[in-house]
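The values are calculated or read from the model by the stated rules, or taken from the named source; none is laboratory data. Predicted, not measured: the structure shown is a model, and the values here were computed from it. Backbone-built Cβ (ideal geometry, glycine too); neighbour counts: all protein chains shown.
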Amino acid sequence: MDIDIQLRSDQITGLLLERVAQRAQRLLAHVRDHVRKVTVRLFDVNRPNGGQDKRCVDQVKLNRLPEVTTEETHENFRLAIDRALIRAGRAVKRRLERPRERRCGAPRNLAQLQRPRNCSSPNYA
């Protein structure tokens, strides 16, 4: 699992970068065989204003499945990172559990190879 961390803030220290990599590996460990790349983007949205202004956007690229993107905004980078990665782990797990869509007319099993299915596609023969 390749982890890419992109920064858009000057408030991020080396310790926080190490924490991001460790947390990403730990929180996505249960799905690491299906994950190709994790991109974590850290933003400081409202620099002078304060408040809820730390944003973490996670993009998880999966093997042969659409990517999963999560976003979390909080006043603290650590909480934004943790919550976004936890949500990403859950979203990846749901994506892996979801049955894959089949093209119209694709047989589900060998028994359906012998009998044709009705299909609304004009190219189905």
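See the values below:
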item	result
Residues of region 35-62 classified as at pLDDT below 90 and either on the phi < 0 side of the Ramachandran plot or aliphatic (A, V, I, L, M) (or both), total	10
Region 3-17: number of residues that are at pLDDT 90 or above and not polar (S, T, N, Q)	3
Within region 4-17, tally of residues that are surrounded by fewer than 11 Cβ atoms within 10 Å (Cβ to Cβ) and in a helix (DSSP H, G or I)	2
